[in-house]
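Structure record follows, encoded as structure tokens.
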Amino acid sequence: MAAADHHPAWAGQLASGLAAMGLGLEPPQRDVLLDYLALLRKWNRAYNLTAVRDPLEMVPRQLLDSLSIRHLLQGERLLDVGTGPGLPGIPLAIAEPERRFVLLDANGKKTRFVQQAIFELGLANAATVQGRVETFRPEAPFDTIVSRAFAPLPRMVALTGQLLAAGGLLLAMKGVLPAAEMAQLRRQGFRVESERLQVPGSDGERHAILCRRA
């Protein structure tokens, strides 16, 4: 995709944001991230894939937010539940080419976009599946399952627990710390931790909630 399709502010926003977060990405990876944003912006005009329409908000709220959990991922096989237009799965797959990502969503319009984005960006380590998590039957369990605004924590655990490998990690991206949801999971015997995420250019709190079977 031509650089002309990129908003003129994006490259600078991405470079400064990655530097502030201590994330090292090669120039080709940064280019692919911006190509993804250009695709998302183009498709969003017709298909309403995301509520973020201001191009100046796209780098922090879509790229940097997704990459803020990169250091918490574990294992080789990862599932992004309720991926929507590919968030956080596509940015993470671009940043982590040695890991394999499955991006799951029930919305056909959004999974068609994700499939097209995977094809156009040349992401050999990512695949999309259209379907509900309750009926998803993968060939093997996942080492990390991530979600971004998918469901309350207890429901996320109930829906995805059977998809998680032994010793695997459920990683939920949240805004304000969901203390009551975390306490409920602890009462159910889960080890639950949280980490505040730093996302340059984004307002409000961001947290990662890490859940493991005790």
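Readers should treat all values here as calculations from the given coordinates under stated rules, not as data from a laboratory. Every value quoted in this text rests on a predicted model; they were computed, and no experiment measured them. Virtual Cβ from ideal backbone geometry, glycine too; neighbours counted across all protein chains shown.
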(request) Would you mind counting up the charge near Leu197? Only other residues with Cβ under 12 Å from its Cβ, with Lys and Arg at +1 and Asp and Glu at -1. (result) +2
(message) Can you tell me what share of the DSSP beta bridges in segment 3-213 is antiparallel? A percent to the nearest 5 is fine.
(response) 40
(message) Please list, ordered by chain and number, the residues whose modelled amide H lies under 5 Å from the amide H of Ala165; skip anything fewer than 5 residues away on the same chain.
(response) Phe142, Asp143
(request) Step through the residues of segment 100-107 one at a time and calculate ³J(HN,Hα) from phi using the Karplus curve (6.51 cos²θ - 1.76 cosθ + 1.60, θ = phi - 60°), rounding each to whole Hz and writing x for Gly and Pro. (result) 10, 10, 10, 10, 10, 7, 8, 7
(request) Using the Karplus curve 6.51 cos²θ - 1.76 cosθ + 1.60 with θ = phi - 60°, work out ³J(HN,Hα) for each residue of segment 46-54 in order, rounded to whole Hz, and write x for Gly and Pro. (result) 9, 10, 6, 7, 8, 6, 7, 10, 6
(request) Taking the Cα centre of segment 95-166 as origin, sum charge times position over the Cβ atoms of Lys and Arg (+1) and Asp and Glu (-1), and report the length of that vector in debye to the nearest 20. (result) 300
(request) Report the dimensions of segment 3-213 along its three principal axes from the alpha-carbon atoms, largest first, rounded to Å. (result) 52, 33, 30
(request) Subtract the Cα-Cα distance of Gln29 and Ala51 from 0.36 nm times their separation in residues, and report this length gain in nm to one decimal. (result) 5.4 nm
(request) For Ala126, enumerate residues with amide H under 5 Å from its amide H, sequence gap 5+ or separate chain, H modeled in the peptide plane. (result) Phe101
(request) Using the Cα centre as the reference, give the magnitude of the dipole from point charges on the C-beta atoms of the chain (Lys, Arg: +1; Asp, Glu: -1; all else neutral), rounded to the nearest 20 debye. (result) 660
(message) Starting from 0.36 nm per residue, how many nanometres of slack lie between Lys42 and Ala149 once their C-alpha separation is accounted for?
(response) 36.2 nm
(message) Within 14 Å, Cβ to Cβ, of Ala15, how many net charges do the neighbouring residues add up to if Lys/Arg are +1 and Asp/Glu are -1?
(response) -1
(request) Provide the packing ranking of 185-196, 115-126, i.e. peptides ordered by the mean count of other C-beta atoms within 10 Å per residue, highest first. (result) 115-126, 185-196
